Amino acid sequence: MKTQVAIIGSGPAGLLLGHLLRASGIDCVIIERQSRDYVESRIRAGVLETVTTDLLHKLGIDAGLNAAGLMEEGFNLATGNTLIRIDIARLTGKHVMVYGQTELTRDLIDAAPDRQLEIIFEAKDVELNDVESEQPFVTFTKDGIAQRITADFIAGCDGFHGPSRRAIPAKKIREFEREYPFGWLGILADVPPCHPELIYSNGPRGFALASMRSPTRSRYYIQVPLTERLEDWSEERLWGELAARFDPISKHGVTRGSALEMSIAPLRSYVFEAMRHGRLFLAGDAAHIVPPTGAKGLNLAASDVAYLSDALIAHYRDGSDAALEAYACRALSRIWKAERFSWYLTKLMHRFPEDGDFEHRMQISELDYVASSEAMQRVIAENYVGLPL
Ligand code: APR
Ligand code: PHB
């Protein structure tokens, strides 16, 4: 089989890239290791920047977003008993949309057949070959039969654990990494949110986030030590902890309900500084990870593929490779700023086991400054809504 762009991975990066290329008449195929059911049921974050919603509107894959997306004109930072509202609409003239990555992924997969975007699910043993040549190809097995797809370009959109990054020789790369000494324990439940807007709280019991998917579905997280196991957390214990962290500051108090999902995820900052090698281009989590504080992961995947699709379209339409040459540099400039903001918000809002009283006072003092300074609030708001492309 032959195509113009072989895309590895059907997360948000691969799916958005596939649709953007198809919208310009470019042939592409998405090769995904997991089943469609698996991909559609993964629970991830749910705050979309304008960069991301603009892509969905441009593609016309926005019926779900228009019907169920919640426009958020502000969010809150909290310390102890005080809420600091960041009025993003007033400070930036923009807003963010709450719409689950799970729903967005489903919308993009549902829209694929009508737009002749082929997705091959359950592709095993995916390998990238000859990426330095003019004729790279991807091999895999599907239903036990060996397959080969030759392409002009390969887009590595296969997340942090996929094979694409490893196809780039060690001598070309620079990696930057920071692991955090805690994870996020999350719960999703069909209960009304405790507050009309998101709250990121750094209270005496540690970090907690109150988020939502809809007026009747809540998403909460708390920071837990990396040694914590999910089995140690009954739903009851987690609801009790959330009530202790949010009841004093939320509008409605935490409503309990049975969990649709509970999980623990580690936090990491990571940048892989070689987003291109020959005819292979990386996008999304394949090239970088942010801690979820600030919800930048999906939005960075969207900005990467906005740059990459423009560059590939220029190659096919105008015969110009200037944008392909500039891709890594353009993408990394935005990635590093989002890395900085996610790291900053993580440092500001979590209790670090190695920190003493002094560092904690620094956090409290910074939050106090944020509460009193419109300039600080604007910096946070501008980064939260997403920097321009
Ligand atoms: N072969 C084919 N597909 C693979 C392979 C492989 N060997 N390994 C991984 N994949 C697939 C995964 O199953 C997944 O569907 O690549 C996809 C990568 O998707 P994501 O991990 O969602 O990454 P990305 O599309 O870059 O999205 C980034 O979404 O998943 C969140 O936390 C992430 O918010 C971030 C954003
Ligand atoms: C979520 O709703 O899952 C969410 C929201 C904001 C974040 C991270 C996750 O910063």
(request) Please specify each residue of the stretch 116-133 satisfying the condition of being outside any loop (DSSP other than H, G, I, E, B) and either buried (at least 20 other Cβ atoms within 10 Å of the Cβ) or free of Cβ contacts under 8 Å to residues at least 24 places away in the same chain (or both). (result) ILE119, ASP125, VAL126, LEU128, ASN129
(message) Would you confirm whether or not the stretch 34-49 contains a residue that is within 8 Å of ligand 1 (Cβ to nearest atom) and among the polar types (S, T, N, Q)?
(response) yes
(message) If THR102 satisfies all but one of (1) of a type in the set (Ser, Thr, Tyr); (2) buried (at least 17 other Cβ atoms within 10 Å of the Cβ); (3) more than 30 Å from ASP190 (Cβ to Cβ), what's the number of the condition it fails?
(response) (3)
(request) Pick out the one residue from ARG85, ARG106 that is in a strand (DSSP E or B) and charged (D, E, K, R). (result) ARG85
(message) Kindly evaluate ASP318 against the criterion of being open to solvent by 20 Å² or more (accessible area, probe 1.4 Å), of a type outside the set (Ser, Thr, Tyr) and either under 17 Å from the mean Cα position of the chain (by Cα) or under 27 Å from ALA208 (Cβ atoms) (or both).
(response) no
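Conditions tested, residue by residue: (1) under 30 Å from GLU374 (Cβ atoms); (2) open to solvent by 60 Å² or more (accessible area, probe 1.4 Å); (3) away from ligand 2 (no atom under 16 Å from the Cβ).
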{"site": "MET1", "(1), (2), (3)": "no, yes, yes"}
{"site": "GLY11", "(1), (2), (3)": "no, no, no"}
{"site": "ARG33", "(1), (2), (3)": "no, yes, yes"}
{"site": "ASP37", "(1), (2), (3)": "no, yes, yes"}
{"site": "GLU73", "(1), (2), (3)": "yes, yes, no"}
{"site": "ASN81", "(1), (2), (3)": "yes, yes, yes"}
{"site": "ASP110", "(1), (2), (3)": "no, yes, yes"}
{"site": "ASP114", "(1), (2), (3)": "no, yes, yes"}
(message) Give all pairs with beta carbons closer than 7 Å in which a residue from the stretch 4-30 that is touching a residue at least 60 places away in the same chain (Cβ under 8 Å) and assigned by TED's automatic domain parsing to the domain that holds ILE313 meets a residue that is assigned to a loop (DSSP other than H, G, I, E, B) and of a type in the set (Ser, Thr, Tyr); count only pairs at least 6 apart in sequence or on separate chains.
(response) ILE8/SER164; CYS28/THR3; VAL29/THR3; ILE30/SER10
(request) Specify the residue that is nearest to the chain's Cα centre (by Cα); the eligible residues are those in the stretch 352-389 that are of a type in the set (A, V, I, L, M, F, W, C) and open to solvent by less than 20 Å² (accessible area, probe 1.4 Å). (result) VAL385
(request) Would you please name the residue that is farthest from ligand 1 (Cβ to nearest atom), looking only at residues in the stretch 88-99 that are open to solvent by 40 Å² or more (accessible area, probe 1.4 Å) and assigned to a loop (DSSP other than H, G, I, E, B)? (result) GLY93
(message) Take residues that are open to solvent by 80 Å² or more (accessible area, probe 1.4 Å) and tell me which of the strands (runs of 3 or more DSSP E) falling wholly in the stretch 134-192 contain 1 or more.
(response) 145-150, 175-189
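On the given criteria, is SER201 over 24 Å from the mean Cα position of the chain (by Cα), of a type in the set (Gly, Ala, Ser) and not assigned by TED's automatic domain parsing to the domain that holds VAL305?
For SER201, the condition - over 24 Å from the mean Cα position of the chain (by Cα), of a type in the set (Gly, Ala, Ser) and not assigned by TED's automatic domain parsing to the domain that holds VAL305 - is not met.
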(message) What's the total number of residues in the stretch 277-325 that are among the charged types (D, E, K, R) and within 16 Å of ligand 1 (Cβ to nearest atom)?
(response) 3
(request) State all residues of the stretch 304-325 that are farther than 16 Å from ILE7 by Cα and polar (S, T, N, Q); if no residue qualifies, say none. (result) SER320
(request) Spot the failing condition for VAL29; the list is (1) at positive phi; (2) in a strand (DSSP E or B), and only one is missed. (result) (1)
(message) Looking at PRO291, PRO248, PRO204 in this structure, which one is within 13 Å of ligand 2 (Cβ to nearest atom) and of a type outside the set (Ser, Thr, Tyr)?
(response) PRO291
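The values are calculated or read from the model by the stated rules, or taken from the named source; none is laboratory data. What you are looking at is a predicted structure, and each value in this text was computed from that prediction instead of being measured. Quick reminder, even Gly has a Cβ in these numbers, built from the backbone with ideal geometry, and neighbours come from all protein chains shown. The accessibility values were calculated without ligands, DNA or RNA, using every heavy atom of the protein model including side chains. Shrake-Rupley method; radii C 1.70, N 1.55, O 1.52, S 1.80 Å.
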